[in-house]
2 protein chains.
Amino acid sequence: MTQTIGVVGLGAMGMGMAQSLVRAGFVVKGYDIAPGPGQRLAEAGGHAAATVAEAAAGADVLIVMVVNAAQAEDVLFGSGGGAAALPAGSLVMLSCTVAPAFARKTADRLAAMGLEMLDAPVSGGPIRSAEGSLSVMASGAPALFEKYAGVLEAIAANVYRMGDAPGLGSVMKSINQLLAGVHLTAMGEAFVFGIKQGIDPRQMYEVICASAGGSWMFQNRGEHILDNDYTPRSAVDIWGKDLGIVLETGRENRLALPLAAIAHQMFLAASAQGMGRMDDAAIVKIYAQLAGVEMEG
Amino acid sequence: MTQTIGVVGLGAMGMGMAQSLVRAGFVVKGYDIAPGPGQRLAEAGGHAAATVAEAAAGADVLIVMVVNAAQAEDVLFGSGGGAAALPAGSLVMLSCTVAPAFARKTADRLAAMGLEMLDAPVSGGPIRSAEGSLSVMASGAPALFEKYAGVLEAIAANVYRMGDAPGLGSVMKSINQLLAGVHLTAMGEAFVFGIKQGIDPRQMYEVICASAGGSWMFQNRGEHILDNDYTPRSAVDIWGKDLGIVLETGRENRLALPLAAIAHQMFLAASAQGMGRMDDAAIVKIYAQLAGVEMEG
């Protein structure tokens, strides 16, 4: 039996997931608040749904890949009415980055309506999403991983099973965002520290990538700085949101997170300077501004 | 003509450099404030010098690999009298981690005595030091790199030439220490954030090592946390010193370094809790303490 998958939120990540599912032979109904992405999905072999409820109706799985928790809540329980439109027993795959507490609460509300949920945030970026090779950090009942293995395989190269309880997937995503956000900010701090003292940025990049100071973020985003290219592959405002989730979760759990707090402040400053939609490597510009350093190329 | 190399400071790093030079065919005279290391070097084919001046006398190169700038100054210009004992025209290779300003001042003082200097801090740890496969981040006159290529090759797998001016090598080392120290602290912050919320540490380690939140430090030191093994491979107090150099250099150059400042504070706290000589992965224990989390294995 061919399964039907609804995908709500056809941004760079959701579209890649939808198209990967089409390629794997699923019937895919996509919805986005903008009309263009649904049309593009239809051209790629999927179907454009006119509403969230239309994407959910008759679906075995509804993937929610919107921007934040407020949108996810609206899609499922608010104006979208997605949960009410889903057949009994079907699955919501909550894949946007949300606070663990929101994931737990959402799972409870869905269960009360006779629906299942996987807390299943993803990582990997738009290119890996298009390839169907994301990482999924998911938690939920073990039987769900078996039942929906084909869906997970279609979108992901790695499926990390973080436990049975909804929330653990989102905790794992938050840990990754804490580290990645701090490393990205540290990259900005280090680049300006070196440039102000006369170090060639390309040489700095080469040495650090081969040394104990290296990180995935430094290696990946450092190239954007060297190229003076701030076309957003991941935007500054993502970090205002995701580090905000980390700190909110820290506050609820009485966890002091001084590095994450500093990184968050720096991204808020970048956003305040009009850089919210620039590539997140633009965090270096805030350090350059503080230091009175000119950043070019 | 066989060159003679004096090595002052036969700790884990200096001893490895001295023995690598012995293997490469140099005459090596080593000095340490403790008597044991000199004896071990002699057994390995080198010579134990009874004083700094004896290690420097007749040497083509004097490698200074002591703990900090105060010791380096004493070795060269204070009670050690190393600079005065060196033949005219010979080279001081300043390889301990010091502030760039100290490296510049030292080069000036040596030049006034007719001596050359390479500002040549190293990275890579005791194992790579013993193998002769360190990374050297060096600055100084180009002719010095040519003249002493054999010495550099004996101790290093990578020689990064950071420019002609003394100080640039130490700036590059400081950049690496800024990043590595922040990443190490972020690792502690992230581990406790995850553990407090019920994530299995081994699973967290596996996911992060394969994700955008990864860093060289997380991958390397995270294993020490998983093994509950705080035998020092690099000690907490190294970071009190090295991040102190980063911040002192930042202050001189009017560079705000908020992440490095936080990381420094956390290492000072670890030192205050009696962990100064433990492995630097013990930074996680400070976060655990703050969060009221038990850390074991």
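Bear in mind that the values in this text are calculations on the coordinates, not laboratory data. Please read these numbers as outputs of a predicted model, since none were measured by experiment. As a convention, Cβ positions derive from the backbone with ideal geometry for all residues, glycine included, and neighbour counts pool all protein chains shown.
Between B:Arg23 and B:Gln289, how many nm apart are label points set 7 Å from Cα along the C-beta direction?
4.0 nm
Closest to the B-onto-A rotation axis, which residue of chain B has its Cβ, and how many Å off the axis is it?
B:Ser215, 2
Using the Karplus curve 6.51 cos²θ - 1.76 cosθ + 1.60 with θ = phi - 60°, work out ³J(HN,Hα) for each residue of the range B:178-190 in order, rounded to whole Hz, and write x for Gly and Pro.
These are the phi-based 3J(HN,Hα) values: 4, 5, 5, x, 5, 5, 5, 5, 4, 4, x, 4, 6 Hz.
How large is the dipole of the range A:4-165 about the Cα centre if only Lys and Arg carry +1 and Asp and Glu carry -1, each at its Cβ, rounded to the nearest 20 debye?
Taking the Cα centre of the range A:4-165 as origin, the dipole is about 120 debye.
Assume the label is 7 Å from Cα along Cα to beta carbon: what separations in nm does B:Asn68 have to the matching positions in the other copies?
Copy-to-copy label distances at B:Asn68, shortest first: 4.6 nm.
For chain B, find the longest principal axis of its Cα atoms and tell me its angle to the long axis of helix B:258-270, 0 to 90°, nearest 10.
Its long axis makes an angle of about 90 degrees.
Just to confirm the numbers: B:Lys105, label point 7 angstrom along the Cα-Cβ line, distances to the other copies in nm, shortest first?
Reported distances to equivalent positions: 5.7 nm.
With θ taken as phi - 60° and the coefficients 6.51, -1.76 and 1.60, list the Karplus ³J(HN,Hα) couplings across the range B:106-123 in order, rounded to whole Hz; mark glycine and proline as x.
Listing the rounded values in order: 5, 4, 5, 5, 5, 4, 5, 9, x, 10, 8, 9, 10, 7, 9, x, 10, 9 Hz.
Can you give the calculated 222 nm mean residue ellipticity of the protein assembly as shown, where each DSSP H run of n ≥ 4 adds -39,500 (n - 2.57) and the sum is split over every residue, rounded to the nearest 500 deg cm²/dmol? Display every interim value, and only then the final one.
Numbers: 30 runs with 320 residues, N = 594.
That calculation yields -16000 deg cm²/dmol at 222 nm.
Residue by residue, what Karplus-based ³J(HN,Hα) values in Hz, rounded to whole numbers, does the range A:61-78 have, using 6.51, -1.76 and 1.60 with θ = phi - 60° and x for Gly and Pro?
Running phi through 6.51 cos²θ - 1.76 cosθ + 1.60 with θ = phi - 60° gives 9, 10, 8, 9, 10, 8, 6, 7, 4, 4, 5, 4, 5, 5, 4, 7, 10, x Hz.
Fewest Cβ neighbours within 10 Å first, please rank A:Glu189, A:Glu54 accordingly.
Fewest-to-most ranking of A:Glu189, A:Glu54: A:Glu54, A:Glu189.
Placing the label point 7 Å from Cα along the Cα-to-Cβ direction, what are the distances from B:Ala256 to the equivalent spots in the other copies, shortest first, in nm to one decimal?
Spelled out, the distances from B:Ala256's label point are 2.2 nm.
Quick query: amide H of A:Val159 versus all other amide H atoms, modeled in the peptide plane; which residues come in under 5 Å with a sequence gap of 5 or more or a different chain?
When sequence neighbours closer than 5 places are left aside, the close amide H contacts are A:Val136.
Taking a quarter of the surface of the Cα convex hull of the protein assembly as shown, what do you get in nm²?
Details: hull surface 111.9 nm².
It is 28.0 nm².
Please compute the Kirkwood hydrodynamic radius over the range A:206-293, one decimal place, Å, based on all pairs of different Cα atoms.
Averaging 1/r across every pair of different Cα atoms and inverting gives 13.9 Å.
Which lysines have a Cα less than 30 Å from the Cα of A:Lys173, not counting those fewer than 8 places away in the same chain?
Candidates past the 8-residue exclusion: A:Lys29, A:Lys105, A:Lys147, A:Lys241, A:Lys285, B:Lys196, B:Lys285.
Bins of 5 Å, beginning at zero and ending with the bin holding the largest distance: percent of Cα pairs per bin for chain B, please.
In order of increasing distance, the bins hold 1, 6, 12, 15, 17, 15, 12, 9, 7, 4, 2, 1, 0 percent.
Amide H of A:Ile63: which non-local residues (sequence gap of 5 or more, or other chain) have their own amide H closer than 5 Å, using H built in the peptide plane?
A:Gly6, A:Val7, A:Val8, A:Met93
Near the amide H of B:Asn68, under 5 Å away, which other amide H atoms are found, from residues 5 or more places off or on another chain, if H is placed in the peptide plane?
Amide H to amide H, under 5 Å and 5 or more residues apart or across chains, B:Asn68 pairs with nothing.
In a GNM of chain A with a 10 Å cut-off on Cα contacts, which of A:Ser135, A:Ser123, A:Ser79 has the highest mean-square fluctuation?
Answer for the Gaussian network model of chain A: A:Ser79.
Test of understanding: ordering B:Met172, A:Met65, B:Met278 by Cβ neighbours within 10 Å, fewest first, what list do you get?
Ordered by Cβ neighbours within 10 Å, fewest first: B:Met278, A:Met65, B:Met172.
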